Amino acid sequence: MLITIKSVIDPAQLQVIQQAIQQAPFVDGRSSAGKSAQRVKNNQEVDQNSEMGKQLAQVIIGNLSHNDAFKNAALPHRIATPFIAKYGPGMTYGFHIDDPVMGSEHRFRCDIACTIFLNDADAYDGGELVVRTSFGEQKVKLAAGDAVVYPASSLHQVAEVTRGERIVAVTWIQSLVRDPAKRELLYELGLARDTLMRDKPDADETAQVDHSYTNLVRMWSEL
């Protein structure tokens, strides 16, 4: 399930983030990649150990944690510390699959990947996120502040940037619900539930859908 989410970061905060990134220290992105991904990764990332890197990560996680669309899509249990990545001309990240388990001190299962676009789509050429799905390759290039979530188990790449700079935040999520098919059902049911609760808050069918959604989350959650 590949889902795009608009305005995860609002324009005011986005401007602050963009200004901070200009002052942040960058390191070779291969240092954060798994063994197989190192061979195909060519980008730069904000040093996560720097004070600026830590502050940017907190801001990104805060925005995700308060976004209802993201919570409905991911049902997050753990959200990894985000990486801020930059791709200049000639940089790319070839086809790869994310590691199944991440983290050092606190290990977590990697169910979902999330990319948040931090600069305008017309600021660079190329740089599309390309995800291979059962419906073929899906190419994603969104407006600044928008995000996409997709299975970490999918084969995906970042196409080569040919002009300008692509700047994104990338993080991974352990979902409360491990099974992607169950997550998709809950996402669709959750959308219907939200619509009913908005339009028919006192209707019997609203209560029925709400009860079913809540109890399915209870049945399928893994803590």
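Against the definition (among the polar types (S, T, N, Q), surrounded by fewer than 16 Cβ atoms within 10 Å (Cβ to Cβ) and either touching a strand residue (DSSP E or B) at 6+ places or on another chain (Cβ under 9 Å) or without any contact (Cβ under 8 Å) to a residue 12 or more places away in the chain (or both)), how does residue 32 come out, yes or no? Full working, then the answer.
Numbers: among the polar types (S, T, N, Q): yes; surrounded by fewer than 16 Cβ atoms within 10 Å (Cβ to Cβ): no; either touching a strand residue (DSSP E or B) at 6+ places or on another chain (Cβ under 9 Å) or without any contact (Cβ under 8 Å) to a residue 12 or more places away in the chain (or both): yes.
Taking the combined requirement at face value, the residue does not satisfy it.
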*Can you name the residue in the stretch 122-143 that is among the small types (Gly, Ala, Ser) and buried (at least 16 other Cβ atoms within 10 Å of the Cβ) and is also nearest to the chain's Cα centre (by Cα) among such residues?*
127
*Only residues in the stretch 133-157 that are more than 21 Å from residue 69 (Cα to Cα) count as the first member; pair them with residues that are outside any strand (DSSP E or B) and among the polar types (S, T, N, Q), Cβ under 8 angstrom, at least 6 apart or cross-chain, and list the lot.*
133/154
*Pairs only if they're at least six apart or on different chains, beta carbon under 9 angstrom, first in the stretch 185-196 and within 7 Å of residue 209 (Cβ to Cβ) and touching a residue at least 12 places away in the same chain (Cβ under 8 Å), second among the acidic types (Asp, Glu) and assigned to a helix (DSSP H, G or I); list them, first residue then second.*
193/210; 196/205; 196/210
*Using the structure shown, decide if residue 101 is in contact with a Phe, Trp or Tyr (Cβ under 9 Å, 6 or more places away or on another chain) and without any contact (Cβ under 8 Å) to a residue 12 or more places away in the chain.*
yes
_Elements of type strands (runs of 3 or more DSSP E) in the stretch 96-168, at least 3 residues being assigned by TED's automatic domain parsing to the domain that holds residue 19 and among the β-branched types (Val, Ile, Thr)_ = 112-117, 129-133
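The values are calculated or read from the model by the stated rules, or taken from the named source; none is laboratory data. No experiment lies behind these values; they were computed from the predicted model shown. Note that we place each Cβ from the backbone using ideal geometry, even for glycine, and neighbour counts take in every protein chain shown.
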